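Notes follow once the structure below has been shown.
The values are calculated or read from the model by the stated rules, or taken from the named source; none is laboratory data. The model shown is predicted, which means the values in this text are computed figures rather than measured ones. As a convention, Cβ positions derive from the backbone with ideal geometry for all residues, glycine included, and neighbour counts pool all protein chains shown.
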Amino acid sequence: MDNTNAKQYLLGSQDKLLKHLQQVVKSHSFNYRTFGTEIEEFVTAKLIEIFTEGGFIKSKTDYKIAENKNVFPDFILESTTPPLAIEIKSGNHSKKDKGKWSLCTNSNNDMGTLNMWAEKLQKFGGENISYIFIEYNFNDREKKIIDVKIAPFYRFLGLGKEGTLKYREKDGNLRPKGFNEPSPITSLNEFKGLLSKTIIFRSKRIAKKHLLKIPQEERKKVLEEL
């Protein structure tokens, strides 16, 4: 079974998933710190229901749920060829700073580490990796789901000022685009080019910073060894 129909069916179920999660939030107690992890079991349960209704799941062997957050992706539909990888992400429209809540335009959460993307693309193929991005607003006054967006993973990624993928330097974790910002990355090939550019750019920045910490008389030797 080709996964194109499964992807289209999932996209067509976006509103159904949104309404389901809105009801879940009303009937369950969630903490804004742990919501992103806690909501995943409700999303995966609904995915099983949706794909079963669509005829894509007929037995438990037709899908796989990640054992923990260190396993990518969160959900795999294995009844299609190739399998469809689905990762669940979420972002809060409110942020707490020094005890005060305010609205924000970007959750800046982890969207996958730079050095792991080559392996993910090789294993699943870039067009077979979809993100379900849950936008919510949790603060002292309210807890609600704002939207659920489903698209190829690269359409949720942001760009940095240097024309690279937006990332956190210390660990290479990619960062998302703004909630209401049009996707700056519109194709898999564009993402691949940016991925290579970003890995090189980050490596150079880190190398330069570390070189400056080495005494000048030793720096030349290190450069020669490289």
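To keep it simple, each residue is scored yes or no on (1) closer than 27 Å to Lys120 by Cβ; (2) among the acidic types (Asp, Glu); (3) surrounded by fewer than 12 Cβ atoms within 10 Å (Cβ to Cβ).
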site	(1), (2), (3)
Asn3	yes, no, no
Leu10	yes, no, no
Leu21	yes, no, no
Tyr32	no, no, no
Asp62	yes, yes, no
Residues of region 154-184 being outside any strand (DSSP E or B), under 14 Å from the mean Cα position of the chain (by Cα) and farther than 27 Å from Gly99 by Cβ, which ones? Tyr154, Arg155, Phe156, Gly158, Lys166, Gly172, Lys177, Ser183
In region 33-87, how many residues are under 20 Å from Gln8 (Cα atoms), of a type in the set (A, V, I, L, M) and in contact (Cβ under 8 Å) with a residue 12 or more places away in the chain? 10
Hits in region 158-174 (condition: surrounded by fewer than 19 Cβ atoms within 10 Å (Cβ to Cβ) and more than 20 Å from Phe124 (Cβ to Cβ)): Leu159, Gly160, Lys161, Glu162, Gly163, Thr164, Arg168, Glu169, Lys170, Asp171
State which residue pairs qualify: first residue closer than 20 Å to Asp110 by Cβ and inside region 131-160, second residue basic (Lys, Arg) and assigned to a strand (DSSP E or B) in any location, beta carbons under 6 Å apart, and separation of 6 or more residues or different chains. Tyr131/Lys89; Phe133/Lys89; Phe133/Lys149; Asn137/Lys144
Within region 44-153, considering only strands (runs of 3 or more DSSP E) that don't extend past its boundaries, which have at least 1 residues that are touching a Cys at 6+ places or on another chain (Cβ under 9 Å) and modelled with pLDDT of 95 or more? 84-92, 94-97
